[in-house]
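This report refers to the structure that appears directly beneath it.
The values are calculated or read from the model by the stated rules, or taken from the named source; none is laboratory data. In this text the structure is predicted, and so the values were computed from the model without any measurement. A quick note on method: Cβ atoms are made from the backbone with ideal geometry, for glycine too, and the neighbour counts reach across all protein chains shown.
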Ligand code: CUA
């Protein structure tokens, strides 16, 4: 009877595992980050460690289940009454020593050693980084700078494939954590301190990153995208980002530029090319650099896809999308809003 119940439980467990494996939905990689789908050398090391730990855990689980079954079977056969006595040896005492001390010591030792090895391999990459990026975590978005090229952007990092990239992490306010599960492990951004990690992507693609340290109301909406490109595409992107924004030629967009200046957007957002106008620069870095906004895939810390509807919603009612963010509501009439959107869409 007991065996029948155990068999049923085992069948149910296996069925549940199979069902959960079958229902995994395939969405584009940019939207389903998984540390078990490594596309970078750091993430590959971490995934390897994960599989080693899963393997050891499975072996131990099966061992324990086997011993429980063996004990149950012995109990049913009535052999459990033959306890070791003074003449029967000390088998009973050896089990706790082996299973309770020796085995955990060996297993935890292996996991600890492997973790240290993985950490050291990730921290000390073989090749010297060829590209440098500075990232500043802000509530709740990411400022991204390429200091050698004088490029500043936000919430979207482009890197070349098969090239190690040095990422320097700082925070402007509270502790954040930079995490791109498919490329690397987490690294904290700590106020007053600079942390470094090396991103080394091995596969072209778009990967989603996320702040992984609770940092306030909009922590969950502090995402970003990492675009891994061929070296040529990356160099083209970088040189385009280095250009100032072109002056709008379309009259509606030109009117929108006026709205951008007069409604106050320009006091928090840089658009390179507008810098000769009279602007109080003291607050200009409060919001993301918008020089090439239209070239990005997302807005608002990767919480919205960039399209006209989302841009409009974000401009007029940002506190609905991200309550607590620094972006204020803009009271624009519909014509001004359409002009402003037309202008923002020219910022390629
Ligand atoms: Cu920044 Cu959580």
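Filter the range 176-198 down to residues that are over 16 Å from residue 37 (Cβ atoms) and touching a residue at least 24 places away in the same chain (Cβ under 8 Å), then give me how many there are. Let's see the steps before the verdict.
Here is the first cut: in the range 176-198, the residues over 16 Å from residue 37 (Cβ atoms) are 176-178, 186-198.
Filter once more, so that each one left must be touching a residue at least 24 places away in the same chain (Cβ under 8 Å): 176-178, 186, 188-189, 194-198.
Here the count works out to 11.
Among the numbered conditions (1) under 11 Å from residue 134 (Cα atoms); (2) part of a loop (DSSP other than H, G, I, E, B), the only one that residue 157 does not meet is (2).
Condition first: closer than 30 Å to residue 270 by Cα and within 16 Å of the ligand (Cβ to nearest atom). Can you find one or more residues in the range 143-150 that meet it? Within the range 143-150, one or more residues are closer than 30 Å to residue 270 by Cα and within 16 Å of the ligand (Cβ to nearest atom). Here no strands (runs of 3 or more DSSP E) wholly within the range 164-233 include at least 3 residues being near the ligand (Cβ under 9 Å from one of its atoms), surrounded by 19 or more Cβ atoms within 10 Å (Cβ to Cβ) and over 9 Å from the mean Cα position of the chain (by Cα). For the range 104-126, the set of residues classified as over 20 Å from residue 47 (Cβ atoms) and touching a strand residue (DSSP E or B) at 6+ places or on another chain (Cβ under 9 Å) is empty. Of the residues making up the range 115-136, one or more are within 16 Å of the ligand (Cβ to nearest atom) and closer than 28 Å to residue 232 by Cβ.
Got at least one residue in the range 20-41 being modelled with pLDDT of 85 or more, surrounded by 10 or more Cβ atoms within 10 Å (Cβ to Cβ) and part of a helix (DSSP H, G or I)? For the range 20-41, residues modelled with pLDDT of 85 or more, surrounded by 10 or more Cβ atoms within 10 Å (Cβ to Cβ) and part of a helix (DSSP H, G or I): present. When we screen 347, 311, 326 for residues that are in a helix (DSSP H, G or I) and either modelled with pLDDT of 95 or more or more than 29 Å from residue 165 (Cα to Cα) (or both), the only hit is 311. On inspection, residue 157 does not qualify as surrounded by fewer than 16 Cβ atoms within 10 Å (Cβ to Cβ) and modelled with pLDDT of 95 or more.
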